[in-house]
1. What is the one condition in (1) closer than 30 Å to residue 251 by Cα; (2) more than 21 Å from the chain's Cα centre (by Cα) that residue 24 does not satisfy?
2. Looking at this structure, is residue 92 within 16 Å of the ligand (Cβ to nearest atom) and assigned to a strand (DSSP E or B)?
3. Which number in (1) buried (at least 18 other Cβ atoms within 10 Å of the Cβ); (2) under 20 Å from residue 257 (Cα atoms); (3) under 17 Å from the mean Cα position of the chain (by Cα); (4) away from the ligand (no atom under 16 Å from the Cβ) marks the one condition that residue 147 misses?
4. Can you go through 2, 70 and tell me which one is in a loop (DSSP other than H, G, I, E, B) and within 21 Å of residue 145 (Cα to Cα)?
5. Would you be able to say whether some residue in the range 66-82 is within 30 Å of residue 252 (Cα to Cα) and either in contact (Cβ under 8 Å) with a residue 60 or more places away in the chain or surrounded by fewer than 13 Cβ atoms within 10 Å (Cβ to Cβ) (or both)?
6. Hey, among 255, 237, 182, 222, which residue is modelled with pLDDT of 95 or more and buried (at least 24 other Cβ atoms within 10 Å of the Cβ)?
7. Give the range 225-234 a look and list any residue that's in contact (Cβ under 8 Å) with a residue 12 or more places away in the chain and either surrounded by fewer than 24 Cβ atoms within 10 Å (Cβ to Cβ) or within 14 Å of residue 3 (Cβ to Cβ) (or both), or say none.
Ligand code: GUN
């Protein structure tokens, strides 16, 4: 068996084109502000990519770049200013923040109606309670990829490998909401290969280079690789040993070009959703 490759780059581009078309029909440009503190080089690349994609799709997007020495109080004051700015619909505080700033404090300071990362405890709670709200971008992108794969979610055995606030936990909630039978596995799980082999849908978000081997994958399973790991030679690889996995999976995402482009597309989707909801215009 050779797995079907799920092309996140193409799907992300289609989603962004659909959002751009919807925005041309509006009388306003949805506003996005990405807040970056300090000089983390990877964050610089991510923030530029988000900004460029947003502007291309017709959003009013800008980066608020604060110096490394910015105090927590100054960052919270900047977030408060964006909360009350009526032209701003979405606020994203890029992580990681410098060590002297508590990420939880910054996340909790964002107005939940503008929380396009879906990280605010109110939005996390809404998701856990099965209520509508803003959902973290990467898990939302994974749900699009699963829809694209054609896999039937209802009753399917799904395994989420990883329990982070950003991916694993919200991912499990979304799959549960779609009527999957969900297992959350993590670094303390006993006999991880056996748990993975039971899964018809496997979401790898452990942050460990090529941890999931080909023989951990049930024949025909849909495998979504959320991992982005840089090797010493600069090459990017996922949490799944891709070359082994293509011989077992029914469908699989590549790294790069799988989940990554979907995360940006879903940030824009969240921003348009927030803009419409804040104006009482249901998405
Ligand atoms: N840093 C790495 N990924 C993310 C993300 O999805 N959101 C934010 N805010 N920061 C990140």
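The values are calculated or read from the model by the stated rules, or taken from the named source; none is laboratory data. These figures come from a predicted structure and were not determined experimentally. As a convention, Cβ positions derive from the backbone with ideal geometry for all residues, glycine included, and neighbour counts pool all protein chains shown.
1. (1)
2. For residue 92, the condition - within 16 Å of the ligand (Cβ to nearest atom) and assigned to a strand (DSSP E or B) - is met.
3. The single condition residue 147 does not satisfy is (1).
4. 2
5. Checking the range 66-82: not a single residue is within 30 Å of residue 252 (Cα to Cα) and either in contact (Cβ under 8 Å) with a residue 60 or more places away in the chain or surrounded by fewer than 13 Cβ atoms within 10 Å (Cβ to Cβ) (or both).
6. Going through 255, 237, 182, 222 in turn, the sole match is 222.
7. Within the range 225-234, 225, 228, 229, 231 qualify.
Every residue, every condition in (1) more than 16 Å from the ligand (Cβ to nearest atom); (2) part of a helix (DSSP H, G or I); (3) within 25 Å of residue 140 (Cβ to Cβ), yes or no:
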{"position": "176", "(1), (2), (3)": "yes, yes, yes"}
{"position": "188", "(1), (2), (3)": "yes, no, no"}
{"position": "195", "(1), (2), (3)": "yes, yes, yes"}
{"position": "207", "(1), (2), (3)": "no, no, yes"}
{"position": "219", "(1), (2), (3)": "yes, no, no"}
{"position": "233", "(1), (2), (3)": "yes, no, no"}
{"position": "244", "(1), (2), (3)": "yes, yes, no"}
{"position": "249", "(1), (2), (3)": "yes, no, yes"}
